[in-house]
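Visitor: If you scroll down you'll find the structure; I have some questions about it.
Quick note: the coordinates plus some simple rules give every number you see, no bench work behind them. None of the values given here were measured: they were computed from a predicted structure. All Cβ positions, even for glycine, are placed from backbone atoms using ideal geometry, and neighbour counts span all protein chains on display.
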Amino acid sequence: MQNPAETISIVESIAVLRERLSPWRGAGSIGLVPTMGALHAGHARLVDHARRDCPFVVVSIFVNPLQFDRREDLERYPRALQSDLEFCERLGVDVVFAPSAGEMYPAPPSFTIEVGRIGDHLCGRYRPGHFRGVATVVLKLLDIAQPHRAYFGEKDAQQVAIVRRLVSDFNLPVTVVGVPTVREADGLALSSRNRYLSPEERTLALSLYRALSEARDQIAAGVREADRVKAAAISKIPDLPGLKLEYLEIVEPDEMQPVDRIDGPVCVAGALWVGSTRLIDNLHCIPPD
Ligand code: AMP
């Protein structure tokens with residue numbers, strides 16, 4: 001099938017998006033990459049995977065108010081629609097779906113997705129209602145675009161685990177693809193929030209990756225007690241006024257429940273406040289046989 005779009009188009013209306021996508025339905029060919037914009041090379045990796053698999057690629061850009069637990073964070077979240085569009089065009093995206101909050105939520109929703117125990121730990125514990133907002137908007141986006149495949153970054157490990165469960169619990173006809181985290185050369189995970197960091201904070205931010213790497217090394221060396229691994233990891237976060245570790249946890253990767261012993265693959269995940277910026281990261285770790 002030929003791509004009916006000559007160049008990238010931006011669509012703000014749900015009805016128009018559905019119309020644009022209808023020729024591609026049934027052919028197993030629509031890939032959706034949900035984002036909140038302020039796009040970077042991490043998002044580009046998701047688009048690359050989508051382009052490889054799907055003839056028609058939609059990127060959604062929507063700063064979802066429902067998933068912000070702090071109003072200040074929502075207002076401060078970076079918005080860069082014009083440069084995002086150019087970025088998407090260079091990547092060969094077919095359609096950017098950038099709805100307004102009013103288009104997505106014409107009225108406060110009467111129904112939201114209640115996330116079970118998979119949302120109890122890690123970010124879910126510190127950001128009340130966050131994953132309810134994420135699951136609700138993801139369900140809406142999947143229903144609006146009805147993609148065959150949807151792409152999510154493993155940088156947000158709990159998010160992708162929740163989306164997988166959402167899709168399986170509701171029998172949604174979509175394949176969820178998890179994409180490995182894209183990092184700077186020194187290991188810092190790319191994030192839209194990195195642009196808030198001053199040069200000094202940028203240096204301090206790396207301690208989260210250092211802590212996770214220490215955990216990975218300890219696990220690879222055969223340490224099985226989660227508390228020992230955590231203590232070694234946390235020791236890599238300097239005790240400085242600008243740094244505050246929110247959590248560093250070791251969980252099993254499907255239900256995201258903390259483990260005492262590391263007897264199989266685990267996700268070591270952390271959230272670090274660097275000044276007024278909250279950064280998250282994680283590493284998938286496998287103990288030796
Ligand atoms: P966001 O715009 O931050 O909501 O992210 C949109 C998607 O991009 C999510 O699925 C993220 O997990 C993914 N993502 C963000 N940063 C990265 C990264 N450094 N590497 C890979 N995927 C990422």
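Visitor: Kindly provide the helix-only [θ] at 222 nm of the chain, computed as the sum of -39,500 (n - 2.57) over DSSP H runs of four or more divided by all residues, to the nearest 500 deg cm²/dmol?
Guide: Per the formula, -11000 deg cm²/dmol.
Visitor: Using every alpha carbon pair in region 91-159, what percent of pairs falls into each 5 Å bin from 0 up to the bin containing the largest distance?
Guide: Over region 91-159, the share of Cα pairs per 5 Å bin runs 3, 13, 20, 23, 20, 14, 5, 1 percent.
Visitor: Let me ask you something else. Count the DSSP beta bridges whose two residues both fall in the chain, then state the antiparallel fraction as a percent rounded to the nearest 5.
Guide: Values: 20 of 39 bridges.
In the chain, approximately 50 percent of DSSP beta bridges are antiparallel ones.
Visitor: Here is a follow-up. Under the rule a/c < 1.5 gives rounded, and otherwise a/b versus b/c splits prolate from oblate, where does region 156-289 land using the Cα gyration tensor? Walk me through the numbers on the way to the answer.
Guide: Values: a/c = 2.08, a/b = 1.21, b/c = 1.71.
Since a/c reaches 1.5 but b/c is at least a/b, the shape of region 156-289 is classed as oblate.
Visitor: Could you state the number of Å between the C-alpha centres of region 23-44 and region 121-153?
Guide: 15 Å
Visitor: Averaging sequence separations of C-alpha pairs under 8 Å and six or more residues apart, then dividing by the length of region 34-96, give the relative contact order as a whole percent. Don't jump to the answer; show the numbers that get you there.
Guide: Details: 61 pairs, mean separation 30.6, N = 63.
Rounded, it is 49 percent for region 34-96.
Visitor: Give me ASP69, ASP53 ranked fewest to most by other Cβ atoms within 10 Å of their Cβ, as a rough exposure proxy.
Guide: Values: ASP69 13, ASP53 16.
Exposure proxy ranking, most exposed first: ASP69, ASP53.
Visitor: Turning to a different aspect of this structure: Return the sequence-ordered ³J(HN,Hα) values of region 252-263 in whole Hz as given by the Karplus equation 6.51 cos²θ - 1.76 cosθ + 1.60 applied to θ = phi - 60°, using x for Gly and Pro.
Guide: 7, x, 9, 9, 6, 9, x, 10, 8, 10, 9, 10
Visitor: Lysines near LYS230 by alpha-carbon distance under 26 Å, same-chain residues fewer than 8 away left out - which ones?
Guide: LYS155, LYS244
Visitor: Label SER235 and ALA27 with points 7 Å out from Cα along Cα→Cβ: what is the distance between them in nm?
Guide: 5.8 nm
Visitor: Enumerate the amide H contacts of TYR247 below 5 Å, restricted to partners 5 or more residues apart or on another chain; note that Pro and chain-start residues carry no placed amide H.
Guide: Residues meeting the amide H criterion: ALA271.
Visitor: Give me the percent relative contact order of the chain, please, defined on Cα pairs under 8 angstrom at least 6 residues apart.
Guide: Details: 521 pairs, mean separation 50.6, N = 289.
Relative contact order here is 18 percent.
Visitor: Can you tally the net charge around LYS140? Count Lys and Arg as +1, Asp and Glu as -1, for every other residue whose Cβ sits under 13 Å from the Cβ of LYS140. Spell out each step's value before the answer.
Guide: On the way: positive: ARG18, ARG132; negative: GLU103, ASP143.
With Lys, Arg at +1 and Asp, Glu at -1, the net is 0.
Visitor: Can you bin every Cα-Cα distance in region 1-153 into 10 Å intervals starting at zero and give me the percent of pairs per bin, rounded to whole numbers?
Guide: Here the calculated profile for region 1-153 is 11, 39, 36, 13, 1.
Visitor: Here's another thing I want to ask about it. Would you mind checking which residues have amide H under 5 Å from SER60's amide H? H placed 1.01 Å from N; only 5 or more apart, or other chain.
Guide: Those qualifying (amide H under 5 Å, at least 5 residues apart or on another chain) are VAL33, THR35, PHE97.
Visitor: Shifting gears a bit: Report the rotationally averaged projected area of the chain based on its alpha-carbon convex hull, in square nanometres.
Guide: Working: hull surface 62.5 nm².
For the chain, the mean projected area of the Cα convex hull comes to 15.6 nm².
Visitor: Quick one: which residues, 5 or more positions from GLN257 or on another chain, have an amide H under 5 Å from its amide H? H modelled 1.01 Å from N in the peptide plane, none for Pro or chain starts.
Guide: Here the answer is GLU252, since their amide H atoms fall under 5 Å of that of GLN257.
Visitor: Go through region 176-184 residue by residue and turn each phi into a ³J(HN,Hα) via Karplus (6.51, -1.76, 1.60, θ = phi - 60°); whole Hz please, and just put x for glycine and proline.
Guide: Result, rounded to whole Hz: 8, 10, x, 10, x, 5, 8, 10, 5.
Visitor: In the neighborhood of HIS49, defined by Cβ-to-Cβ distances under 12 Å, what is the net charge if each Lys or Arg adds +1 and each Asp or Glu adds -1?
Guide: Its environment carries a net charge of +1.
Visitor: Continuing with this model, one more query. Return P(r) of region 70-188 (all Cα-Cα pairs; 5 Å bins starting at 0; whole %; ordered from short to long distances).
Guide: Pairs per bin, as whole percents: 2, 9, 15, 19, 24, 19, 9, 3, 0.
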